[in-house]
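Trainee: Dropping the structure in here first, questions after.
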């Protein structure tokens, strides 16, 4: 087995200066939401650790995850693919084909047993022995189990791999199944979305390459650094939600003035993703900013949670805000009670210290 060169060795060979390398480490730390001192740790990892071999498989899917990944800007997808990792197999973007391509899988599994990352886009159909997805002449479910056997970790790209997505929507005739229900003996990080944000995908790989471990995950297996907050929490329309200002239709005055889209079906209050912070197209926008409500594509079974354009009647994940119809009135009532309470307390304090009150006169007498 030949020695795998480090990220630092590769970029120096390509003519990148030490100064620019350190700038890259600082930008990587910032993009991952890490404190500035982590830039030094990233630099050390890049200087000492070999590039990580990655095998990227495709099951039942539409390739939107790959389309998203190759448009990453921070870091650039080409830097991830050509420098940070060794992408040794991806039948969508690799030059090799046929037996030559399939041999690359076996070579990596033999030479880097227990060291490579398995990235999976799409899911395996289990009906009729997996006949509904046959890459390279074999059922995808068999290929998935074979490659996962010696992987260090598995990344489930997108909602297809994470939850099943549209292929697993009712009635699911092919028995499309998410990755974690097939691969049960490996650490799996789920990066859901249809597709996931490009920088979220490259960020997960950057973290693993830097620290040699998967990032902290939530109870559903998603990286907390990108999925710890709801789209609703950082949405720029949140102030209208709190004020009880909602678009009733997509062409009314409220919609034109940027009111909250909850009443026309926005799933932002129950969807965990980085859309409202990281955004899309190099941070330019996200669906809500374009006038369309969140579909909740990073949540389990989102295709079966419709209709998409009917509002949620309750918020199962928090209880402070009951419904859109009541929130404005409730907010007004709370403010009114607060004002009344403040006025009452002020009056009591003033009565206690008023120097010429009858009570004070009696005491002095």
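Trainee: Sticking to Cα atoms, compute the Rg of the range 231-304 to one decimal and its Dmax as the biggest Cα-Cα distance, whole number, in Å.
Mentor: 11.8, 33
Trainee: Hey, what's the Cα Rg ratio for the range 59-213 versus the globular rule of thumb, 2.2 N^0.38 Å? Could you put the intermediate results ahead of the total?
Mentor: Values: Rg = 14.9 Å, N = 155, 2.2 N^0.38 = 15.0 Å.
Output field value: 0.99.
Trainee: May I pose another question? If neighbour count is taken as other Cβ atoms inside 10 Å, put 68, 298 in order from fewest to most. Don't skip to the answer; put the middle values down first.
Mentor: Values: 68 23, 298 31.
The most exposed by this proxy come first: 68, 298.
Trainee: Given the Cα-Cα distance of residue 304 and residue 113 and 0.36 nm per residue of separation, how much length would full extension add, in nm? Provide the component values of the computation, followed by the final result.
Mentor: On the way: separation 191, 0.36 × 191 = 68.76 nm, distance 3.91 nm.
Taking 0.36 nm per residue and subtracting the Cα distance, the gain is 64.9 nm.
Trainee: Convex hull volume of the Cα atoms in the range 144-187, per residue, in Å³? Display every interim value, and only then the final one.
Mentor: Details: hull volume 2.8 nm³, N = 44.
Taking the convex hull of the Cα positions in the range 144-187, it is 63 Å³ per residue.
Trainee: Treat the count of other C-beta atoms within 10 Å as a stand-in for reagent exposure and order 184, 23 from fewest to most. It would help to have the intermediate numbers written out before the result.
Mentor: Numbers: 184 9, 23 13.
If I rank by nearby Cβ atoms, fewest first, I get 184, 23.
Coordinate-derived values only; no laboratory data. Since this is a predicted model, take the numbers as computed values, not measurements. Here the Cβ is made from the backbone with ideal geometry for all residues, glycine too, and neighbour counts use every protein chain on show.
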